[in-house]
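A.B. asks: Dropping a structure here in structure tokens format, bear with me for questions.
The values are calculated or read from the model by the stated rules, or taken from the named source; none is laboratory data. Just so we're clear, the structure is a prediction, and the values are computed from it rather than from any experiment. Note that we place each Cβ from the backbone using ideal geometry, even for glycine, and neighbour counts take in every protein chain shown.
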Amino acid sequence: MNNDSPSPAFRPTIFIVLVLCSLGTARPGTAQETRGSAELPSGWIELVDRFETYVAANRVVGGSALALRAGEIVVRHDYGLADLEAGTAVGDRTIFHWGSITKTLTAIAIMQLRDRGLLSLDDPVTRWVPEIRQIHDPYGAIDDITIEMLLTHSSGLQNPTWPWTEGRDWEPFEPTTWNQLVAMMPYQELLFRPGERYSYSNPGFIYLARIIEAITGDAWQAYIQKNLFSPLGLSRSYFGVTPYWLAPDRSHNYDIVSGPSGEAELVDNGADFDPGVTIPNGGWNAPISELAAYAAFLTKREAHGPEMQRRFDAVLDRATLQEMWAPRVPVLEDPGTGRTESMALSFFLVKDGGHSVIGHTGSQAGFRAFFYFQPLKQTAVILVFNTANHAPGEEARIAFEGMMRAAYAVADPQN
């Protein structure tokens with residue numbers, strides 16, 4: 001249900017079921033590519049081919065991909081529909097939901113406060129969030145959980161925010177208030193001694209948001225708007241319900257589920273849903289162009305002009321960003337493929353097939369997003385889809401793996 005966690009049943013706000021065999025996999029005339037003045041980046045043609053294979057294998061309704069070089073969008077590929085029933089095509093204004101990529105915003109906010117001397121990464125979380133002492137702690141170590149452990153997913157806290165659900169329509173999508181989350185704490189358990197290993201935790205980033213709010217007096221959404229979105233010029237990024245003036249651009253999101261007879265069905269979940277109290281770990285809504293502007297901030301060493309450079313520096317010092325990308329906790333090592341992953345401060349470091357990238361993924365409701373960059377080369381690739389296949393077959397799995405390998409090659413070109 002929540003970002004990058006196992007996927008319990010999703011309760012749609014709008015329930016429209018379409019049998020997939022009646023849709024087909026091809027939508028002629030719904031894929032388009034927009035290029036800048038620069039030549040196509042190395043590997044882009046293969047990535048588009050893998051992208052198209054993935055959307056066909058997973059019956060994706062709509063999506064986008066783009067490549068960034070030196071802070072500029074070089075090429076963008078749009079596919080399919082943002083609203084199947086209305087026939088609205090995906091385009092440069094389409095607003096997607098970016099799920100757990102939001103966590104990197106929360107981490108940058110924490111580092112802003114660290115750089116101002118208002119906190120230390122070694123500070124115990126219970127200094128600001130004493131409520132977590134209610135979590136069952138067989139190690140007597142809750143007070144040992146530090147801010148850094150939350151940022152690196154090594155605290156021992158559980159993965160999902162809301163694991164108690166039967167998938168009924170009346171149940172909330174996620175906890176809607178802080179009090180609800182606190183009320184569940186006595187029914188949670190610390191899974192291992194803090195700092196011992198990696199284990200992804202969505203609630204950890206809600207606790208980081210509580211720290212930001214306690215120190216600044218701002219609601220998390222207001223803090224991010226004032227201290228990240230505003231200086232970076234992200235005027236079409238928002239949290240929660242879509243503003244009325246952006247509503248025509250908001251993509252619907254879709255789930256592919258098994259129907260009563262076992263056939264694949266497409267469920268239209270509508271446009272908006274309520275992430276509730278989980279917004280700091282997965283609530284970012286924006287067009288892909290604003291994710292590109294964010295990637296430009298992360299990858300471009302010098303902004304266009306002194307005013308934008310001043311804004312970049314005001315958001316976070318380059319040295320601090322580099323600190324955020326240093327490996328801290330191992331995540332996986334696959335001897336068969338040679339792929340490794342490690343955890344930095346909210347960013348994942350991936351090495352695969354000779355390519356080395358930094359980034360994060362997002363998965364919430366029917367949206368799926370992938371955000372990877374290589375700051376030394378000032379390059380990035382971003383993928384986003386408005387459809388989640390909850391019963392993918394072998395063909396879909398192979399298509400996904402091929403697309404990701406191609407994405408890494410574009411994000412970290414070897415020439």
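A.B. asks: Can you work out which of the residues in segment 40-68 that are modelled with pLDDT under 95 and within 20 Å of D92 (Cα to Cα) is surrounded by the fewest Cβ atoms within 10 Å (Cβ to Cβ)?
C.D. replies: Top of the filtered list is L40.
A.B. asks: Related question: Can you tell me which of R35, R27 is over 21 Å from the mean Cα position of the chain (by Cα), loosely packed, with under 15 Cβ neighbours inside 10 Å and either of a type in the set (D, E) or modelled with pLDDT under 95 (or both)?
C.D. replies: Selected residue: R35, the only one of R35, R27 that is over 21 Å from the mean Cα position of the chain (by Cα), loosely packed, with under 15 Cβ neighbours inside 10 Å and either of a type in the set (D, E) or modelled with pLDDT under 95 (or both).
A.B. asks: Same structure, new question: If I ask for residues that are of a type in the set (S, T, Y) and under 15 Å from the mean Cα position of the chain (by Cα), which ones from segment 341-393 would you list?
C.D. replies: Within segment 341-393, S346, T361, S363, Y372, T387 meet the criteria.
A.B. asks: Any residue that is of a type in the set (A, V, I, L, M, F, W, C) and either at pLDDT 95 or above or within 21 Å of M149 (Cβ to Cβ) (or both) - is there at least one of those in segment 254-264?
C.D. replies: no
A.B. asks: Considering only residues that are within 16 Å of Q225 (Cα to Cα) and among the hydroxyl-bearing types (S, T, Y), look in segment 93-121 and name the one that is surrounded by the fewest Cβ atoms within 10 Å (Cβ to Cβ).
C.D. replies: Checking each candidate, the answer is T104.
A.B. asks: Which of the following residues is of a type in the set (A, V, I, L, M, F, W, C) and under 20 Å from T361 (Cβ atoms): L81, L105, L118?
C.D. replies: L105
A.B. asks: Check every one of the strands (runs of 3 or more DSSP E) wholly within segment 265-354 and list those with 3 or more residues that are surrounded by 21 or more Cβ atoms within 10 Å (Cβ to Cβ).
C.D. replies: 285-287
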